[in-house]
Structures are given as structure tokens and as C-alpha cells.
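Inspection log for the structure reproduced underneath, given as C-alpha cells.
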Amino acid sequence: MRQEIDRTKYKKRNLFDWFVQYGESEYGFDVDRDVTEIVNLSKERKQSFFEYFFFAVRKGVNSVKERRRRLVSDKAYLYDVIHPTRTVRGEEGVYQNSGFERKDDFSSFQKECRKTIEEAKHRPINGDLNRFPICNEPNVVYATCIPMLNFKGMTHPTPTGNQEALSVPRICWGKYYLGLDKRYHVTLNITVSHLFVDGYPLAACFGNIQKFLDNKESFLQ
């Protein structure tokens, strides 16, 4: 479900009207997140760290309404639900986008995540990057990770001047590492459009993600 935003009454219309003039309205933060709890939990269960981290990120994105706003056909909308998508490296080393409908409990999320990853890995190569229809919907996030590299900063390739595409958040994280504090950390990048997301709600999103990362109960459903 989505609700159209009346831009004549939109409280932050001054920001929207200012940044819509920019060819590149996106910006992002690279923020350190403590992932000790989910690293230990994933090791105890002998399961993928990626699934735990992606679930917390997905919950954090949905928790902030500014992250659920999109520009579609020059109209602004607030969506009830944002779905997760991610890049998958196939058997022949070629990447494609995959995704599935939002799942609020971890066990269902984990099941769909594994299912779509395996499906993407084994699909024969063709010229289509988005072979999961949900990837073409506006109410998604584009996520990827670099599990081989612990980076401190990154930038996303973005479609210059395409404000609709830029209104979809882009997310990337790297390899977790053991810090000097003897706790595990990850650098998380979130890139958003300044049409809808200013610094305060973006910071709130990072904060909510950390709360989910620290709460083991979120992953025991």
C-alpha cells in the first residue's frame, strides 16, 4: 500500500524543491556498526552472518518513514512496506539482482533469502540484470555486500538526473572485523536521496539498525 504525499503541504517541501534541481541529489554516510551479538549468534548456529545483518538492516530501513518515501512518475508516495533486494554472484561470476517480499520474522526472512540466492546463483546468464520482478518496484532497497574486504568508505554508481531511481536507497557493507575493543565491527554505507531524507532520519536509521543488532530476541523468532 502507498499514500500519495501532497507536495504543496509536505512539511519538508523546501528541501524537496531545492534538491530536485540537482542532477545528483543523493548522499550517504559510512558508519561503523557493532555486530558482536549477531556474529556470536551466527557462529553458535553455524549460519550465515549475512542473513542476520541483512535482516537487521531491513528492519531499520522500514522503521523510519522517510526511508519509505519514493518519487514515481513525478509524484511523491509514502509506502507501508519496503522489500529487500540484493546482488548475487552466480556460478559463472556474473552478478544479478534478486529480491523477495518483506518478511517480519527472522525464520521466514532467512528461508526466502536462501531460496532467492540459490535461484539466482543457478540461473543461466542472459542480458537482463533484474530477473526477479520485485527488483523493478519502487518500494525496495538496493543492497549489496563485499564480504572479502573491510572498507572504510564507498560510493555507489547512480543514474545522474534520474530522481525516481535515486529515491531508492542504496546500501552496502563489508567484511566484519575484530576491533581493538575486542568486539566485532562492520562499516555500513547507506546512500539516500536528499529529496526525502535529511541527516536526522538517516542518523535515526543507523541508530535503529544498531538496536536490532544488539537485540538477540529479534533473531529467535
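Does the range 117-135 contain at least one residue that is hydrophobic (A, V, I, L, M, F, W, C), under 20 Å from Q47 (Cβ atoms) and not in a strand (DSSP E or B)? So far as the range 117-135 goes, yes, one or more of its residues are hydrophobic (A, V, I, L, M, F, W, C), under 20 Å from Q47 (Cβ atoms) and not in a strand (DSSP E or B).
For the range 154-193, the set of residues classified as in a helix (DSSP H, G or I) and either free of Cβ contacts under 8 Å to residues at least 40 places away in the same chain or surrounded by 21 or more Cβ atoms within 10 Å (Cβ to Cβ) (or both) consists of A165, L166, listed by residue number. Taking the range 1-112 and the strands (runs of 3 or more DSSP E) fully enclosed by it, the elements with 2 or more residues that are of a type in the set (D, E) are at 26-34.
Please tell me if F196 is at pLDDT 95 or above, more than 18 Å from C145 (Cα to Cα), crowded, with 18+ Cβ neighbours inside 10 Å and among the aromatic types (F, W, Y). Answer is yes for this residue. If you check F109, F151 for being surrounded by fewer than 18 Cβ atoms within 10 Å (Cβ to Cβ) and touching an Asp or Glu at 6+ places or on another chain (Cβ under 9 Å), only one passes: F151. Yes or no: V81 surrounded by 18 or more Cβ atoms within 10 Å (Cβ to Cβ) and either at positive phi or modelled with pLDDT of 90 or more (or both)? So V81 fails the test.
Every condition in (1) among the hydrophobic types (A, V, I, L, M, F, W, C); (2) assigned to a helix (DSSP H, G or I); (3) surrounded by fewer than 14 Cβ atoms within 10 Å (Cβ to Cβ) is met by I209 except one, and the failing one is (3). Evaluation of S218 against the conditions (1) surrounded by 18 or more Cβ atoms within 10 Å (Cβ to Cβ); (2) in a helix (DSSP H, G or I); (3) touching a strand residue (DSSP E or B) at 6+ places or on another chain (Cβ under 8 Å) shows that the sole unmet condition is (3). If you take the residues in the range 51-78 that are open to solvent by 30 Å² or more (accessible area, probe 1.4 Å) and closer than 17 Å to F219 by Cα, which one is farthest from the chain's Cα centre (by Cα)? Restricting to residues being open to solvent by 30 Å² or more (accessible area, probe 1.4 Å) and closer than 17 Å to F219 by Cα, the top hit is S63.
The values are calculated or read from the model by the stated rules, or taken from the named source; none is laboratory data. Computed from a predicted model, the values in this text were never measured in an experiment. All Cβ positions, even for glycine, are placed from backbone atoms using ideal geometry, and neighbour counts span all protein chains on display. Surface accessibility is based on the protein's heavy atoms, side chains included, excluding ligands, DNA and RNA. Shrake-Rupley method; radii C 1.70, N 1.55, O 1.52, S 1.80 Å.
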